[in-house]
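Note sheet for the following structure.
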Amino acid sequence: MPNREPCVPAEDCARLTAFLEGVCARPKPFERRTTRELWTDEHTSRKMLESHLNATGDGASRSAAFIARSTDWIAKRFNVGPGFRIADFGCGPGLYTTPLARKGCRVTGIDFSERSLDHARGMASAEGLTIAYANRDYLGFDTAERFDLILLITCDYCALSPDDRAALLRKFAALLADGGHVLFDVYSLNALARRSEATDFSPDLLDGFWTAERSFGFRSSFVYAPERLALDKYTIVEAGRIRKIFNWFQHFSPESLAEELAGAGLAVETLYGDVSGAPFDPAGTEFAVAACRA
């Protein structure tokens, strides 16, 4: 007699089907955000820091060569020097705050990853640099200080819901000193056009990025064309828990970004291809904007 797979009870099949339906279910735009979990989980935050510090990669941060080129361009473009006040929202492990402080700037970094800030503080201490770091969600950050330049780099803006983006831009406008600028980058509509919908499965998804334990991961990608939005939803199954992580990606045209800025009393001063000052490319998958008060 040929070997036959044992019969799976109908109730187990029903539970598995319901679970897989949930894996593939399309959430409403920005229905749930899990950014805090991504950056504060003990294992994942360590993996995120490793990705930030990968000098040759373009994962959590750009490559070391790009960051060096970017900080040099920022210093020249905005006439950075001693006493120049900079706030880096989502500063991570200090990849921008440290080189800008070396140029004599008064730098403030805001991030809610304590692990990343510990690394940033260690770098500053080793070089004798004075950098103010705030361990908090930058959406709730406030200070009496005013800044000559506010940074939000690596397309962080695109992970925020419309309400959070509007609130953050109003905050930027309030925190700018007279003559100050905001510099940030976003995904373009060309990037959205390259997106497709699919669900992938893998044991230990992303080579154990999500957990040190044995796990099974699903990545479900969705495109919301009318909203110019994409989502990568990760479902991570471990022996003792099931987690879902939502990575949202808003996409912009120069016109739609200018409209959001105008709603906060800000205006586009110059468009760039990226935050190293490359020329704006209408066919590019990202672009950057230097903005000021309208």
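The values are calculated or read from the model by the stated rules, or taken from the named source; none is laboratory data. Predicted model only: the values in this text are computed from it and were never measured. As a convention, Cβ positions derive from the backbone with ideal geometry for all residues, glycine included, and neighbour counts pool all protein chains shown. Accessible surface areas use protein heavy atoms only, side chains included; no ligands, DNA or RNA. Shrake-Rupley method; radii C 1.70, N 1.55, O 1.52, S 1.80 Å.
A few notes on this one:
- Each of 186, 155, 104 was scored by the projection of its Cα onto the charge dipole of region 90-190, and the greatest displacement toward the positive side belongs to 104; charges sit on the C-beta of Lys, Arg, Asp and Glu.
- Computed accessible area, residue 96, all protein chains, 1.4 angstrom probe, square angstrom: 20
- Beta bridges per DSSP with both ends in the chain, % antiparallel, nearest 5: 65
- Under the combined filter of DSSP loop state and at most 14 neighbouring Cβ atoms within 10 Å, region 214-294 retains these trypsin sites (Lys or Arg not before Pro): 214, 241.
- Annotation: lysines with alpha-carbon distance below 21 angstrom to residue 47 (same-chain offsets under eight excluded): 233, 244.
- All lysines inside 27 Å of residue 76 as judged from Cα atoms, apart from same-chain residues fewer than 8 positions distant: 103, 171
- 222 nm mean residue ellipticity, helices alone, for the chain (DSSP H n ≥ 4; -39,500 (n - 2.57); rounded to 500): -10000 deg cm²/dmol
- Cα shape, region 118-237, gyration tensor, a/c 1.5 rule: oblate
- Residue 207 paired with residue 293, simple spin-label distance in nm, labels 7 Å along Cα-to-beta-carbon: 4.8
- Shape class for the chain, computed from the alpha carbon gyration tensor (a ≥ b ≥ c): prolate, with a/c not under 1.5 and a/b above b/c.
- Proximal charge balance of residue 240 [Cβ under 13 Å; K/R count +1, D/E count -1]: +1
- Length released on extending from residue 24 to residue 137, taking residue separation times 0.36 nm less the Cα-Cα span: 37.7 nm
- Going by accessible surface with a 1.4 Å probe and the largest first, 227, 42 read 42, 227.
- A Gaussian network model of the chain, with springs between Cα atoms under 10 Å, assigns the largest mean-square fluctuation among 140, 217, 90 to 140.
- Net charge of Cβ neighbours under 12 Å - reference residue 107; Lys, Arg +1; Asp, Glu -1: +1
- Summing Lys and Arg as +1 and Asp and Glu as -1 over all other residues whose Cβ lies under 13 Å from the Cβ of residue 284 gives a net charge of -3.
- Residues in region 224-251 that a label on residue 37 would reach, taking backbone N under 18 Å of a point 7 Å out along Cα→Cβ: 231-249
- Gained length - residue 72 relative to residue 7, 0.36 nm times residue gap less alpha-carbon distance: 16.9 nm
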